[in-house]
Amino acid sequence: MQKSNRWRLQGKSFYKIFSEVFDPNEYPFSYGILSESIHSSWTKSLDWDLIRNNDSTFSSNALYYKGDVRNLLPLIRYSIRPFELWCEKYQILDSSSQQIFDRIKKYSILIYTKFEEFYDGLTNESNYPNSEGKETSSHKGSSGEYEISEILSKYDSNYLRQFLDSTETEENTVTLTFYRDVAEILDILTRMRNFERNPTGFSLDDATILGLLVNIWKLLKLTILIYKEESAEFAPIPERVLFENAITAIYLLRSDKTILEDFRLCSYRNRIEMLELLATSETENFNNKAGKRLLCSINNKLALEGLENYDFEKQIKNNWRIQGKTFYEIFKEVVGAEHYPVIYGVPSDSVHGTWLDVKQFSLDGNPKQGFLPIYKPLNMSFENVSLIVPLATLPFREWIARVKLETTFLNKVLDFIDSINGRLFEKYGKKLIYHKSA
C-alpha cells in the first residue's frame with residue numbers, strides 16, 4: 001500500500017495535509033518560502049548568499065545576519081496547535097493549561113506587534129544592499145592562495161602523524177580543526193576571482209552557481225557547530241541540504257545558459273503563487289508592514305531579470321522542476337542512483353516528519369513497554385562529515401575551472417583535503433566495524 005501511495009501518508013501530498021489543518025492560502029507564505037532554504041533556490045541565494053554590486057555583477061556574501069525575533073511568531077503559531085490537540089487527545093487539557101496556551105499565543109502577537117512598531121527590521125534583500133563584506137580578490141587569486149597557505153601551514157609531517165594516530169579522546173578535537181579549516185578554505189574559494197575574467201564581480205549565470213557554493217560552506221560550518229555542541233540529532237538537516245546544493249551546483253556547472261535560467265525561474269514558484277493569490281482574493285497578507293516588505297522584495301527580484309510580465313508557462317507545465325526533472329533524476333545523472341537512498345534519502349527523514357527519525361533521536365523505549373522522550377543531548381563523532389566532504393569539494397573543483405581560477409596549488413589543496421578526509425573515513429569506518437563486532 002505504501003509503495004502504491006508513493007510513500008505518502010494515506011497517499012496525500014503534504015500540501016493536502018497542510019490544507020486540512022490550516023488555511024491553504026498560508027502555504028506559500030509559511031511552508032513554501034521556508035522550503036527554499038531546504039531545496040536549492042536562486043531566490044534564497046539572493047536573500048542570503050550573494051551581494052549585488054553597483055554594476056549588476058554579484059559577489060559572495062560571507063556576512064552573517066542577526067536573527068529577527070518576529071520570525072518566531074509563525075513558528076509559535078504552528079507549534080502550539082499540535083500540543084493543544086495532544087492534550088485534548090489524552091485528556092490532560094484543563095482550563096489552566098488552556099490559559100497557558102492562550103497566553104503564549106497572545107504574548108507572541110504582542111511581541112511581534114511591538115517590534116513592528118519599533119522598526120521595519122533587517123531585510124537584507126530590500127534593494128540588494130551593497131557591502132564590502134570580506135573579499136579575497138586578485139589576479140589568478142594569489143591573495144586567496146596566501147590565505148589558504150596560512151591555514152594549511154600547521155599541517156606539517158608531525159601534525160599529520162598526530163592527526164592520523166590520535167587516540168579516541170584526541171580524535172574529535174583534531175578532526176574538528178581539520179573540518180573547520182576545510183570550511184574556511186571553501187569560503188575563501190567563493191571570495192576569489194580572476195581580475196581578467198571578472199574585474200568587479202560575477203555575471204548572472206556565474207552567480208546562479210556561486211550562491212549554491214556559498215550556501216555549501218555555510219552549511220558545512222553549521223554542521224560542524226552542531227556536532228561540536230553535541231546536538232547531533234539535528235545534523236542530518238544541514239547535511240541533507242548541503243547534499244542537495246552540491247548535487248544541483250554540479251549539475252548546473254555542467255549545463256548551458258538555458259538550464260541555468262530555468263533553475264532561476266523555477267525558484268520563483270512560491271512568490272508567483274503569492275502574487276496570484278493577491279490578484280484573485282482579498283488576502284490581508286500584504287496589507288501589514290511585513291506583507292508590504294515581502295511584496296516589495298518579490299517585485300525587486302522579478303525586476304532583476306525583467307520578469308515582471310513573464311508567464312512562467314514552461315515552469316508551471318514542468319511542475320516547477322528544472323527541465324521537468326525530479327531531483328532523483330538529477331542526482332542519478334551526477335552521482336548515480338545507487339547512492340541516493342544513503343546520501344540523500346536517509347537524511348531526508350530528519351527534514352520530513354518520519355517515525356524512524358523520531359524513534360532514533362527523540363524517543364526511548366519500545367512498542368511493548370512504551371516510549372519516553374529523550375532529553376539528553378546526542379553526542380556523535382564526526383564520521384558523517386567524512387561522507388559530506390567529497391561531495392562538497394567536487395563542485396568547487398569545477399567552479400575554479402569555470403571562472404579561470406584553476407592553478408596547480410588550488411588543485412593540490414583540494415587533493416589534500418580529499419586525501420586526509422579519505423584517511424578519516426577509513427579510520428572512523430574501522431572503528432564502527434570494531435564496535436559492531438565487539
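Can you classify region 234-284 as rounded, prolate or oblate using the Cα gyration tensor, where a ≥ b ≥ c are the square roots of its eigenvalues, rounded means a/c under 1.5, and otherwise it's prolate if a/b beats b/c and oblate if not?
Since a/c reaches 1.5 but b/c is at least a/b, the shape of region 234-284 is classed as oblate.
Taking amide H positions as placed 1.01 Å from N in the peptide plane, with prolines and chain starts having none, which residues 5 or more places from Leu50, or on another chain, fall under 5 Å of its amide H?
HN-HN under 5 Å from Leu50: Asn61.
Given a Förster radius of 22 Å and the C-beta distance between Ser157 and Asp415 as r, what FRET efficiency does 1/(1 + (r/R0)^6) yield to the nearest 0.05?
Efficiency, rounded to the nearest 0.05: 0.80.
Assign one of three labels to region 308-438, namely rounded, prolate or oblate, based on the Cα gyration tensor with a ≥ b ≥ c the square roots of its eigenvalues; rounded applies when a/c is under 1.5, prolate when it is not and a/b is larger than b/c, and oblate otherwise.
Cα axes put region 308-438 in the oblate bin.
In deg cm²/dmol and to the nearest 500, what is the mean residue ellipticity at 222 nm of the chain if only DSSP H runs of at least 4 residues count, each as -39500 (n - 2.57), divided by the residue total? Working shown, then result.
On the way: 17 runs with 251 residues, N = 438.
After summing the helix terms and dividing by the residues of the chain, the value is -18500 deg cm²/dmol.
With unit charges on the beta carbon (Lys/Arg positive, Asp/Glu negative), name the residue among Asn366, Val342, Phe327 whose Cα is farthest towards the positive pole of the charge dipole of region 325-371.
Asn366
Using packing as a proxy for protection, rank 227-240, 388-401 so that the peptide with the highest average count of other Cβ atoms within 10 Å comes first. Spell out each step's value before the answer.
Details: 227-240: 18.6, 388-401: 20.6.
In decreasing order of mean packing, 227-240, 388-401 become 388-401, 227-240.
Would you order His352, His339 from fewest to most other beta-carbon atoms within 10 Å of each residue's own beta-carbon?
Numbers: His352 11, His339 15.
Exposure proxy ranking, most exposed first: His352, His339.
Which chymotrypsin sites (Phe, Trp or Tyr not before Pro) from region 4-74 combine a DSSP loop assignment with at most 11 other Cβ atoms within 10 Å?
Here the chymotrypsin sites (Phe, Trp or Tyr not before Pro) that fit, given the DSSP loop and packing criteria, are Trp7, Tyr64, Tyr65.
How would the chain be classified by its alpha-carbon gyration tensor: rounded, prolate or oblate, with rounded meaning a/c under 1.5 and the a/b versus b/c comparison settling the rest?
Numbers: a/c = 1.67, a/b = 1.14, b/c = 1.46.
Note, shape of the chain comes out oblate.
So, with +1 on the Cβ of K and R and -1 on the Cβ of D and E, and no other charges, what is the size of the charge dipole of the chain about its Cα centre, to the nearest 20 debye?
On the way: 54 positive and 60 negative charges, 154 e Å.
In total the dipole reaches around 740 debye.
In whole Hz, what ³J(HN,Hα) sequence does region 330-337 give by Karplus (6.51, -1.76, 1.60; θ = phi - 60°), x for Gly and Pro?
The phi angles translate into 5, 4, 4, 5, 8, 10, x, 4 Hz.
Which peptide among 245-255, 355-365, 210-220 comes first, and what is the full order, when sorted by highest mean count of other Cβ atoms within 10 Å?
With the highest mean Cβ count within 10 Å placed first, the list reads 210-220, 245-255, 355-365.
Taking 0.36 nm per residue of separation and subtracting the Cα-Cα distance, what length does fully extending Arg254 through Asn300 add?
Contour length minus the Cα-Cα distance gives 13.7 nm.
Just grab the label-to-label distance for Ser203 and Leu225, each label 7 Å out from Cα along the Cβ direction, in nm (one decimal).
With each label placed 7 Å out from Cα toward Cβ, I get 3.5 nm.
Which of Lys105/Lys376; Lys66/Lys376; Lys12/Lys218; Lys218/Lys317; Lys16/Lys314 have a Cα-Cα distance over 31 Å?
Lys12/Lys218; Lys218/Lys317
Taking region 259-346, which chymotrypsin sites (Phe, Trp or Tyr not before Pro) meet the DSSP loop condition and have no more than 15 other C-beta atoms within 10 Å?
Sparse-neighbourhood loop chymotrypsin sites (Phe, Trp or Tyr not before Pro): Tyr310, Phe312.
Between Lys359 and Asn384, 0.36 nm times their residue separation minus their Cα-Cα distance comes to what? Intermediate values should be presented prior to the final figure.
Working: separation 25, 0.36 × 25 = 9.00 nm, distance 1.94 nm.
Once the chain is fully extended between Lys359 and Asn384, it gains 7.1 nm.
Magnitude of the Cβ-charge dipole of region 299-365, K/R +1 and D/E -1, about the Cα centre, nearest 20 debye?
Working: 7 positive and 10 negative charges, 23 e Å.
So the magnitude is around 120 debye.
HN-Hα J couplings of region 225-240 from phi, Karplus 6.51/-1.76/1.60, θ = phi - 60°, integer Hz, Gly and Pro as x?
Computed from phi, the couplings for region 225-240 are 4, 4, 5, 4, 7, 6, 10, 5, 5, 8, 4, x, 5, x, 4, 5 Hz.
Rank-order 406-414, 198-206 by packing density, defined as the average count of other C-beta atoms within 10 Å over each peptide's residues, highest first.
Ranking the peptides 406-414, 198-206 by packing returns 198-206, 406-414.
Any read-out appearing in this document is the output of simple, stated calculations on the displayed coordinates, not a laboratory observation. Not measured: the values here are computed from a predicted model. Note: ideal-geometry Cβ built from the backbone for every residue, glycine included; neighbour counts use all protein chains shown.
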